[in-house]
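Quick notes on the structure that follows.
Every read-out reported here was derived from the displayed coordinates using simple, explicitly stated rules and does not represent laboratory data. None of the values given here were measured: they were computed from a predicted structure. Cβ coordinates were reconstructed from backbone atoms using ideal geometry, including for glycine residues, and neighbour counts include every protein chain displayed.
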Amino acid sequence: MTDDNDTRAASLRYALADELQRSGDLHSQQWRSAVERVPRHLFVPEFFRWTDGPNGVTLWAPVSGDHDPDRWLDLAYRNETLVTQLDRHITPRDVTEPVSGDPTSSSTLPGLVVRMLEDLNVADHMTVLEIGTGTGYSTALMCDRLGDDKITSIEVDPSVAATAAAALRRAGFAPNLVNGDGLDGVPERAPIDRVIATCSVRQIPRTWLDQTRPGGRILVTITGWLRGYGLAMLDMGDDGIAEGRFLPGTISFMIARPQAPPTISDEWRSTAFGALADAEPRPAVVGPDIRKDWTGTFVAQLALPTAQEQMISIDGGPFITYYFDTATGSAASLTPEPGGGWTVRQTGPVRLWDAVESAVAIWRRAGSPEIDQFRIRTDGHEQLVWLDTADGPVSWSL
């Protein structure tokens with residue numbers, strides 16, 4: 001970059017810090033200074049931008065500093081998530097035109113990154129383990145704030161890890177970087193004061209608890225295969241149990257790859273279709289539109305921790321919402337009725353939609369509280385999420 005571009009990048013960093021401070025994501029001088037100093041553009045030399053394709057299909061257009069430097073630099077300092085990989089192997093440098101694909105790596109929007117770093121509540125002497133290096137931008141912010149020797153970051157994808165390592169070197173940072181499964185943590189760096197995950201998990205692994213100092217903190221997004229999300233902040237007790245609460249807001253991250261949902265085979269699905277066709281129908285008390293509500297989705301997921309949702313139209317008929325649970329061999333279908341409402345059919349040892357309706361009824365009787373009213377406790381083996389109600393606490397085991 002030229003001197004003029006360096007000056008412009010610095011100006012964009014100050015403008016970004018101002019924006020994050022106005023939004024309330026950034027409120028301490030230490031993290032503001034990090035945002036002002038760390039050059040995000042070095043960590044996103046290229047990325048994808050969402051665009052509409054034919055028939056409403058989502059496509060991803062490559063953006064590069066080599067081909068459109070002014071636009072690229074402006075976008076690099078927007079408070080937006082920038083997708084850097086599709087389908088675990090496609091990068092912007094691999095294509096010249098918009099392509100389809102599922103995002104598998106990204107640079108998280110700076111407002112969320114900074115908000116989570118503020119929530120960590122670090123002090124100068126503390127060590128941090130980051131699960132998911134990604135582009136390395138958040139790693140660099142922590143290095144700037146605490147020092148290279150205090151930061152360890154682990155990334156599962158070898159190519160993503162190598163790209164992040166190179167970017168960190170260019171930016172002048174040298175944290176302890178590990179290429180491996182983040183669910184294993186980094187035992188040789190234990191005990192750690194803070195653990196922060198830039199991926200989501202279905203279950204917090206015991207390894208993180210073992211590697212976190214008593215009194216330490218774990219910040220991670222809890223999710224499931226229904227794609228409900230809640231950012232949980234847990235404090236580590238002396239007894240090996242971590243307990244905490246969910247923070248407000250609508251926050252989502254890509255799920256840790258080892259905990260991603262299994263593929264449902266055509267054979268399993270076909271057997272479920274046959275069993276559901278013979279199942280007794282009933283009117284649904286709760287429809288699948290409960291998932292239009294952020295916390296409603298999370299509640300439904302608490303009831304169905306191993307189920308997946310698919311919308312399928314058979315032979316040109318209406319789209320039916322199916323819930324498949326290969327772990328229990330159970331399934332449910334919800335069919336829209338012409339006059340409104342839904343008809344549910346269920347099969348297998350677990351009545352999946354009965355469980356959803358029960359959980360939603362408890363939540364609604366409690367006044368439909370937002371996600372920050374839920375609490376979480378785990379010993380690394382059993383993970384409980386609970387809600388305090390007028391009738392006492394109600395818990396779900398994940």
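Simple point charges give the picture: +1 on the Cβ of Lys and Arg, -1 on the Cβ of Asp and Glu, and for the range 267-364 a dipole about the Cα centre of about 200 debye. Label separation (residue 21 vs residue 188): 4.1 nm, computed from points 7 Å beyond Cα along the C-beta direction. How long are the three semi-axes of the equivalent ellipsoid of the range 267-364, in whole Å, if each is the root of 5 times an eigenvalue of the C-alpha gyration tensor, listed from largest down? The three semi-axes for the range 267-364 are 20, 16, 12 Å.
Take each peptide in 133-139, 27-33, count the other Cβ atoms within 10 Å of every residue, and average; sorted highest first, the result is 133-139, 27-33. Fully extending the segment from residue 361 to residue 66, taken as 0.36 nm per residue of separation minus the present Cα-Cα distance, adds 100.7 nm.
Across the chain, Cα-Cα pairs farther apart than 30 Å form 46% of the total.
For the chain, a crude dipole built from +1 on the beta carbon of Lys and Arg and -1 on the beta carbon of Asp and Glu, taken about the Cα centre, is about 340 debye to the nearest 20. Spin-label model, residue 386/residue 52: points 7 Å from Cα along the beta carbon direction are separated by 4.9 nm. Using the Cβ-Cβ distance between residue 310 and residue 96 with R0 set to 35 Å, the FRET efficiency works out to roughly 0.55. Packing, as the average of other Cβ atoms within 10 Å across residues, places the peptides 279-285, 329-335 in the order 329-335, 279-285, highest first.
Relative contact order of the range 152-281, taken over Cα pairs closer than 8 Å and 6 or more residues apart, is 18 percent. Take every DSSP beta bridge whose two residues both sit in the chain; close to 75 percent of them are antiparallel. Using only alpha carbon pairs under 8 Å that are at least six residues apart, calculate the relative contact order of the range 1-81 and give it in whole percent. For the range 1-81, the relative contact order is 27 percent.
Working note: Karplus 6.51/-1.76/1.60 with θ = phi - 60° gives the range 16-28 the couplings 5, 4, 4, 4, 5, 6, 5, 6, x, 6, 10, 9, 10 Hz, where Gly and Pro are set to x. From its DSSP helices (H runs of at least four residues, each -39,500 (n - 2.57)), the chain gives a residue-normalised ellipticity at 222 nm of -9000 deg cm²/dmol.
Using C-alpha pairs below 8 Å separated by at least 6 residues, the relative contact order for the chain is 10 percent.
Between 252, 134, 159, the Cα set farthest toward the positive side of the dipole of the range 120-274 (charges on each charged residue's Cβ, about the Cα centre) is that of 252. Inter-label distance, residue 241 to residue 148: 4.2 nm, where each label sits 7 Å from its Cα along the C-beta direction.
The angle between the Cα long axis of helix 110-120 and the longest principal axis of the Cα atoms of the chain comes to about 90 degrees, rounded to the nearest 10. Size descriptors for the range 132-229, from the alpha-carbon set: Rg then Dmax equal 13.4, 40 Å. Packing around the peptides 88-94, 231-237, taken as the average count of other Cβ atoms within 10 Å per residue, puts them in this order, highest first: 231-237, 88-94.
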